Amino acid sequence: KWGKKMVENIIKQMTLKEKVGQLNQHLYGWQCYQKVGDHYELTDLFKKHVKEYGGVGAIYGIMRADAWSQIDEHNGITRQESYQVIQMIQDYIKKHSRFQIPALITEECVHGHMALQSPVYPTQLAMGMTWNPLLMEKIAQNVSQELAAKGGNLALFTGFDVLRDPRWGRSEECFSEDAYLTSQMIQSAVQGFEKDQNGVSVVVKHLCAQGACEGGHNSDAAKIGPRELRDIHLPPVKAAVKAGARAVMAAYNEIDGIPCHIHKNLLHHILRKEYGFDGIVMADGCALDRLLLLNDNPLQMGSLALKAGVDLSLWDQVYTKLDEAVKQGYVTEEELDIAVERILRLKEKLGLFEPSQNIPLPQCDELLLQSARECQVLLKNDDHILPLKKTQKIAVIGPNAHHYLHQLGDYTAYQNPQDIVTVYQGICKKASQVSYALGCTTRKKQFENLDETLKIAKDADIVVLVLGGNSTRLYQNAFENNGALRIQDENEMNCGENIDLASLELEGYQNQLLKEIHRVNPNIVTVLIQGRVHVINDVMRYSQAVVASFYPGSRGGDGIADVLFGDYNPSGHLSVSIPRHVGALPCYYNHKHNGAQKDYIDLPSGPLLPFGYGLSYTTFEYQNISLPQKISIQELKEKGLTITLDVHNTGQRDGEDVVQIYIKHLQSSIVSRVLELKGFQKVHVPHHAVQTVSITLSYDDLAIWNIDMEHIVETGRLAVCVGQDSQNYKEYSVCIEESC
């Protein structure tokens, strides 16, 4: 039976080549099989790889189906046949491994499993707008069940990246610009993935600070110091480890000159020693080969990564040469054995050495709809134009109104159009008098049948104009060897990996289309479907109502329609500040308070719309706010600082509100931030009813990395701010004393 002694005994018997095989994830998964008629066969390339290394450590993307892999419904693995194909691959590996060691099957599950017929959930940015960690946990659990039913083991999930520059194309993969909200969401996601103990674990990516990339350039340097790293980018990592994450992925970027893949302080001292992480560290795709830019000696660079703490490669050449690195003295076999043991122990914990069980595929429709509803953020609603009436004549116009792929994130598999509900389709389910026109595309500087579009708009009572961006990969696109898109001028895709923007204005003729329609019919409700926040000054000016939607998933059209018609009261709040101009970046709310002027003479100060902002069809008031005026360090450690309040729904509709708790350090040994989110709670309140909310801030919530880089709570005055967003709050003074 497999156990600690068995693992140790096997490692002692393994050859160098077999050990190196366990640390490699060299093959692209779709290279392992081919579909022949109505059945699947293993490829000679796969068999050769197994023979060379006497086994396989892990295989990425066997079930992946997208434009990069060139796998679709004709040559890919169906949802129902996934399990049998995975078992065929595993059986071959075990049969041709001296110790019958199966491979870890790793798959992209950024917002649903990236495979044929799998459901597509809202992106992380959209889920951040829900402020609902419990919903994130349910989705992660469902995705875990999906992967388990197919025979997969490791779900790659983005959760560490904190968005500090929305020009970055991978903004859609970030929950928020805020570390606390990001931490709460990733903690819940990890709990969801690990909940069923079903042979699936999550690989959380990317470690670390990728969201601070310079200039919004993908994979670029994170020019931050250790305190910024600790304040903003490491809290989600600590939260994921605390929640039980068994694997993490290193990031492409460097921090202060040190690439994350050879950053021993990050991967060993902080992650393992300080946080107590005992799982595996996976490299990002081809990232180890990128280390050759520092030094073209693959033996030396591979050894540095191994010593820093990277256990498992991804597609690179560097780690295939670790046996030679041992022979030439760059790294010891004992150091190699540490990584091998981590891989084998993870396989043991996930039950890979036990008989496999075929479990049923999960249902997902209710979760898809609930998440599509909750991620919608109402930004404007003049004259209560919303909710719409089902008797109104409605024109649905715009590049994102009826393109089934435009409401899905970058990590999306091939889709059948019938599995997606567009905004136009969702509205057609509600109203009988609905017309449609394209108007323009996402990026092209031209109108599409403008005269006909304006005629449709003029004849309507209401125009629902659906603008934004898209992360749609097409099969004619060109890609890098790690799957990132190569930039092409003719491509309509303007968000996703490698798709960074210099300007955040809506591209193409979208603003022009808005103004043309306003000229013939000012009753415009604009829906923004996008993978990042854009500069939307014109949208706010020329629209009577605005709904922000951040890639809401397969049932996005239903969720948006439910909000537009009032069948669901919008409850989303911004998890990212909306800037007035790209030149005003950064505009995240929690900047440092250092006395310097933050205004430009040619632009109003602050964001266009603040972090935490979101409207509803009802109104909420906070009353009976209670918290202590002073508290001792010891009391804070023992029971925390508790804030209670009553949330009154003073309107005519049931609704959900997000109570937000911020703090200000009024006395500190370091330059503090102007405001920091430290607690929140989403609460359902029926109309004219009251709900009592209690939120407790812990010692760690109030601690700072002081002048000596100690994480402690300092005595002195603190402001606790209770409100509905980062600009709309009531402030209360609390004195923290050594002893009261």
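The values are calculated or read from the model by the stated rules, or taken from the named source; none is laboratory data. Note that the structure is a prediction, hence the values are computed from the model and not measured. Quick reminder, even Gly has a Cβ in these numbers, built from the backbone with ideal geometry, and neighbours come from all protein chains shown. The area values use the complete protein model at the heavy-atom level, side chains included, leaving out ligands, DNA and RNA. Shrake-Rupley method; radii C 1.70, N 1.55, O 1.52, S 1.80 Å.
A compact table of results
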| item | result |
| --- | --- |
| Inter-label distance for Asp708 and Gln31, nm, one decimal - labels placed 7 Å from Cα along Cα-to-Cβ | 5.4 nm |
| Near-label residues of region 508-528 by backbone N, under 11 Å of a point 7 Å along Cα→Cβ of Gln392 | 523-526 |
| Å² per residue, accessible surface of the chain at 1.4 Å | 37 Å² |
| Overall form of region 602-716 per C-alpha gyration tensor (a/c, 1.5; a/b vs b/c) | oblate |
| Prolate/oblate/rounded label for the chain (Cα gyration tensor, a/c 1.5) | oblate |
| Segment Glu448-Lys223, length gained on full extension (0.36 nm per residue, minus Cα span) | 76.7 nm |
| Gyration tensor (alpha-carbon) shape descriptor, region 603-662, a/c threshold 1.5 | oblate |
| FRET E, pair Asp383, Ser432, Förster distance 22 Å, beta-carbon r, rounded to 0.05 | 0.35 |
| Highest to lowest packing among 711-722, 571-582, 684-695, scored as the average C-beta count within 10 Å | 571-582, 711-722, 684-695 |
| Ellipsoid semi-axes in whole angstrom, largest first, where each is sqrt(5λ) of the Cα gyration tensor of region 124-183 | 24, 14, 8 |
| Estimated distance in nm for a label pair at Thr715 and Arg519, the labels positioned 7 Å out from Cα along Cα-to-Cβ | 7.0 nm |
| Hz values of 3J(HN,Hα) by residue in region 105-114 - Karplus curve (6.51, -1.76, 1.60), Gly and Pro given as x | 9, 9, 9, 6, 9, 5, 9, x, 5, 7 |
| Kirkwood hydrodynamic radius over Cα pairs of region 661-740, then Stokes diffusion coefficient at 20 °C and 1.002 mPa s, in µm²/s | 152 µm²/s |
| Label point distance in nm, Lys327-Gln363, each placed 7 Å from Cα along Cα→Cβ | 5.8 nm |
| Percent carbon-and-sulfur accessible area, the chain, ignoring ligands, DNA and RNA, probe 1.4 Å | 46 percent |
| Calculated log₁₀ intensity ratio I(q)/I(0) where the Debye formula runs over C-alpha points of region 200-253, q = 0.21, 0.23, 0.29, 0.30 Å⁻¹ | -0.77, -0.88, -1.13, -1.16 |
| Theoretical gain in end-to-end length, Lys51 to Leu292 [0.36 nm per residue, Cα-Cα removed] | 84.0 nm |
| The chain: antiparallel DSSP beta bridges as a percent of all, rounded to 5 | 55 percent |
| Ranked by how many other beta carbons lie within 10 Å on average, peptides 657-666, 343-352 from highest | 657-666, 343-352 |
| For region 587-596, 3J(HN,Hα) per residue [Karplus equation, 6.51 cos²θ - 1.76 cosθ + 1.60, θ = phi - 60°, Hz, x = Gly/Pro] | 10, 4, 5, 9, 7, 6, 9, 10, x, 7 |
| Whole-Hz couplings from phi, Karplus 6.51/-1.76/1.60, listed for region 190-207; x for Gly and Pro | 4, 4, x, 4, 8, 4, 8, 6, 9, x, 10, 10, 9, 9, 8, 10, 10, 9 |
| Subset of Lys95/Lys150; Lys35/Lys321; Lys12/Lys47; Lys95/Lys238; Lys138/Lys307; Lys19/Lys264 violating a 30 Å alpha-carbon distance limit | Lys35/Lys321; Lys95/Lys238; Lys138/Lys307 |
